[in-house]
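The values are calculated or read from the model by the stated rules, or taken from the named source; none is laboratory data. If you're wondering where the values come from, they're calculated on a predicted model, not measured in any experiment. Positions of Cβ are backbone-derived with ideal geometry, glycine not excepted, and every protein chain shown enters the neighbour counts.
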Amino acid sequence: MSGAGSGYDLSVTTFSPEGRVFQVEYAGKAVDNGVPSVGVACKDGAILAVEKPEETKMMLPGSNRRIFTVAKHVGMAVPGKLPDGRQIVSRAQQECENYKRFYGNTIPTKVLSDRLANYCHAFSLYWHLRPLGSAALTASYDDNGPHIYLSETNGVSYRYYGIAVGKGRQGIKTELERLKLGNMTCREALKTVCKCLIKQRDDQGSKKFEIEMAWICDESDRQFVRVPEDVAKEAEDAAKREIEQEDEDSSDMES
Amino acid sequence: AMATSAMVGQGEVLTGTTIMACTFDGGVVLGADSRTSSGNYVANKVADKITKVCDKVYLCRSGSAAHTQAVAGYANLYLNQHAIELGEKGVSVKSAATIVKEIAYTNKEWMNAGMIVAGWDKAQGGQVFAVPMGGTLMEVPFAVGGSGSIYINAFVDKNWRAGMTRDECKAFVRKAVSLAISRDGSSGGVIRTVTVDAAGQNKEMVPGDQVARYQDEHLPTLGSNAPIFT
């Protein structure tokens, strides 16, 4: 891995002969190797979920929050380096507030994610700064329906029906592509999202995980809030039951 | 009150004025007189006090001509940039009004500008926002402004009603402005109207000799097209 850049990766202001900026790509790796994070846009809202491994038994559950409310109508998950992510959240909150102050309307999600992408990109232009090692996974719900945007550390920003970043993203993305998310309600999709996250865990049972979930939907009055504890627990339990059922079915078939 | 004649010594040009804007079923009608005065001297008899700030949003200007033209210029600049960032989704009337308000409020110490922002957008239809001197922002079904407005406050309060048709609203605006012109020395000239709705925007003018006259103003003359009101 190290040495792949062969001398062109020492500063963010250096291009390689193939036209790559390695430092920006390495920043992307911080997100790729980070906690699995999922965003889906459903029929009646949008969901964000992040799966965090328990770092130590001494830590209180619910610490190191990864999902933040940026404005009433917009929420954000920050996979990758959490301190860098908090920087992006802070900037996003300012953007929302200033936009409202100046234009009187709430910021459209596309405008917000474009601005955040530009913000992240700016860090790749100066020698004395390093790129941020976190992406911004944004969820919102306005008159144009639910939106999921991903503003990446290299400065691109796209809108998605569903997206996963971090560890195990490939498997989760494959699962998401099979679904008709536009026909599912948030409640239904919540269980599926939990299932995707639980399935991609390497060591099931031994390590403890915490799934942080938040949504913005008709049920939440179109405000971005944490999924209520009972709803979250119900979704996780249902997901676990379905996985066990599938394991039983597949082992039945084998024998 | 309005700008004072104390400023006239420095060549301050005023739009002692009558301006108004009104919602109807499907859009808005903006109306204004056309007299720009500099003390007793009428600097412009045919001024256009209804200025476009962005697609389907107009600004009625009263107070200092210089100040309001500057505000309109800045508003136009910011709204053009805003339109680019928004893309397909057009600029809302509320955004245009908020920007005008920000400029007026931030510079309230130096400003002499009473303005009305009105237009049409897809999300909310026709809207009227008043931005009087001082920099308040109020969404209202109709608004009047300028020195002539005091003479027609009661008239518009009594006669505006929700759900007027386009033609009814235009006639209402023209009648109101003509009444103000008949009593306010700083208002006169032609009556300009701009009608904005889903289909687009339409600028019209009632020439001076066709502006309605009332009571003693009306002199019986042959060949006059002015409607007679008693």
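Numbers at a glance
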quantity: Sole exception among (1) touching a Gly at 6+ places or on another chain (Cβ under 9 Å); (2) more than 10 Å from chain A (Cβ to nearest Cβ); (3) surrounded by 24 or more Cβ atoms within 10 Å (Cβ to Cβ) for B:MET133, by number; calculated: (3)
quantity: Which listed residue is out of contact with any helix residue (DSSP H, G or I) (no Cβ under 9 Å at 6 or more places or on another chain) and more than 14 Å from chain B (Cβ to nearest Cβ), from A:ALA135, A:ALA139, A:ALA122; calculated: A:ALA122
quantity: Listing of helices (runs of 4 or more DSSP H) fully contained in the stretch A:159-255 that carry 3 or more residues being in contact with a strand residue (DSSP E or B) (Cβ under 7 Å, 6 or more places away or on another chain) and buried (at least 19 other Cβ atoms within 10 Å of the Cβ); calculated: A:186-199
quantity: Single residue of A:SER90, A:SER37 found to be of a type in the set (Gly, Ala, Ser), at pLDDT 95 or above and closer than 23 Å to A:LEU190 by Cα; calculated: A:SER37
quantity: Selected residue (only one of A:PHE68, A:PHE22 is surrounded by 14 or more Cβ atoms within 10 Å (Cβ to Cβ), out of contact with any Asp or Glu (no Cβ under 9 Å at 6 or more places or on another chain) and free of Cβ contacts under 8 Å to residues at least 60 places away in the same chain); calculated: A:PHE68
quantity: Sole residue being within 28 Å of B:GLY90 (Cβ to Cβ) and among the acidic types (Asp, Glu), chosen from A:ASP44, A:ASP84; calculated: A:ASP44
quantity: Positions within the stretch B:85-100 being facing another protein chain (nearest Cβ under 8 Å) and not β-branched (Val, Ile, Thr), in sequence order; calculated: B:GLU85, B:LEU86, B:GLY87, B:LYS89, B:SER92, B:LYS94, B:SER95, B:ALA97
quantity: Filter pass, A:ARG86 being over 30 Å from B:VAL100 (Cα atoms) and in contact (Cβ under 8 Å) with a residue 40 or more places away in the chain; calculated: no
quantity: Residue under evaluation A:GLY75, criteria (1) modelled with pLDDT under 95; (2) surrounded by 15 or more Cβ atoms within 10 Å (Cβ to Cβ); (3) closer than 30 Å to B:GLN124 by Cα, criterion not met; calculated: (1)
quantity: Among the candidates A:TYR149, A:TYR119, residue that is among the aromatic types (Phe, Trp, Tyr), outside any helix (DSSP H, G or I), modelled with pLDDT of 95 or more and surrounded by 17 or more Cβ atoms within 10 Å (Cβ to Cβ); calculated: A:TYR149
quantity: Those residues of the stretch B:136-150 which are more than 14 Å from chain A (Cβ to nearest Cβ) and in contact (Cβ under 8 Å) with a residue 40 or more places away in the chain, in sequence order; calculated: B:PRO141, B:PHE142, B:ALA143, B:VAL144, B:GLY145, B:GLY146, B:SER147, B:GLY148, B:SER149
quantity: Any chance B:TYR74 is in a helix (DSSP H, G or I), closer than 23 Å to B:ASP48 by Cα and within 11 Å of another protein chain (Cβ to nearest Cβ); calculated: no
quantity: Looking only at the stretch A:92-117, and only at residues there that are facing another protein chain (nearest Cβ under 9 Å) and hydrophobic (A, V, I, L, M, F, W, C), the one that is nearest to the chain's Cα centre (by Cα); calculated: A:VAL111
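For every residue, the table says whether it meets (1) acidic (Asp, Glu); (2) under 20 Å from B:ASP48 (Cβ atoms); (3) touching a Lys or Arg at 6+ places or on another chain (Cβ under 6 Å).
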site	(1), (2), (3)
B:PHE142	no, no, no
B:GLY145	no, yes, no
B:GLY148	no, yes, no
B:ASN159	no, no, no
B:GLU168	yes, no, no
B:ARG183	no, no, no
B:VAL194	no, yes, yes
